[in-house]
Ligand code: ADP
Ligand code: MG
């Protein structure tokens with residue numbers, strides 16, 4: 001199979017600081033990859049480089065055969081690229097003065113030029129899918145963190161992305177509300193969505209992801225089948241991390 005996403009030799013430096021160093025991996029269509037590792041390992045920067053929110057210093061990102069990192073892309077082309085890669089942030093990033101439904105609708109109208117009626121129909125369908133039909137008219141502040149994150153997931157899905165990136169989707173959410181967000185992500189896994197997610201939920205990473213990639217200090221330490229990396233890691237650094245967080 002051709003990988004849906006191929007990352008080759010990705011590096012990112014901020015000034016003199018090397019935050020990502022020669023990161024390479026690929027994912028097949030329908031696969032979920034969980035990226036784990038200590039704080040500061042470069043997980044968020046990796047996701048931000050994949051959708052070019054951050055320009056990599058070196059390396060290639062190829063989505064479905066199209067090199068996103070190709071030189072000379074205009075801002076307009078970059079915007080098109082980002083549309084194909086959905087992103088869900090730790091802090092939701094919803095428009096505070098818009099309803100849940102409007103948050104999902106506006107993305108479609110602005111990014112895809114979809115008509116309002118179609119966008120609303122799709123928005124309601126996606127809010128139902130994340131279990132929030134009853135909350136369509138509520139503004140973010142009237143929603144729990146778990147509900148806000150589910151709106152953010154619906155908004156990302158509304159653009160029909162080829163790939164979905166989720167950066168610690170549950171880490172800003174009260175423990176008792178995490179489960180409903182994780183259930184939505186599990187549904188996406190079952191549905192065959194291709195995803196890269198970062199998480200500190202080790203049980204979830206093991207259960208939901210096909211593969212796990214462990215990073216430390218901007219480098220991949222090891223990568224493999226989720227059960228293997230989580231239960232029988234090959235590297236001492238991975239073992240130390242896992243025993244500290246479990
Ligand atoms: P993680 O998500 O694994 O916690 P990050 O990707 O957020 O790690 O950060 C990795 C390192 O890069 C950290 O040391 C962080 O301080 C640094 N970093 C991230 N973004 C920037 C930036 N815009 N400028 C300078 N340093 C940054
Ligand atoms: Mg992070």
Exercise. Specify, per residue and in Å³, the volume enclosed by the convex hull of the alpha carbon atoms belonging to segment 17-89.
Key: 112 Å³
Quiz item: Given only helices, namely DSSP H runs of n ≥ 4 each adding -39500 (n - 2.57), what is the per-residue ellipticity at 222 nm of the chain, to the nearest 500 deg cm²/dmol?
Solution: -11000 deg cm²/dmol
Practice problem: Specify the angular offset, from 0 to 90 degrees and rounded to the nearest 10, of the alpha carbon long axis of helix 116-129 from the longest principal axis of the alpha carbons in the chain. | Solution: 60 degrees
Quiz item: Which value, to two decimals, describes the C-alpha radius of gyration of the chain once divided by 2.2 N^0.38 Å?
Solution: 1.00
Practice problem: Please work out the C-alpha center-to-center distance from segment 211-239 to segment 102-167 and express it in whole Å. | Solution: 34 Å
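How would you order 210-219, 16-25 from highest to lowest mean count of nearby Cβ atoms within 10 Å?
Working: 210-219: 21.2, 16-25: 16.3.
Going by the mean number of other Cβ atoms within 10 Å, highest first, we get 210-219, 16-25.
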Quiz prompt | Alpha-carbon centroids, segment 29-78 and segment 174-199: separation in whole Å | solution = 21 Å
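What's the extension gain from residue 160 to residue 125 if we count 0.36 nm per residue and subtract their Cα-Cα distance? Could you put the intermediate results ahead of the total?
Numbers: separation 35, 0.36 × 35 = 12.60 nm, distance 1.30 nm.
The residue 160-residue 125 span can extend by a further 11.3 nm.
Read the figures in this text as sums done on the coordinates, not as results from a lab. Quick caveat, the model's predicted, so the values are computed rather than measured. Reconstructed Cβ throughout: ideal geometry from the backbone, glycine too, with neighbour counts over all protein chains shown.
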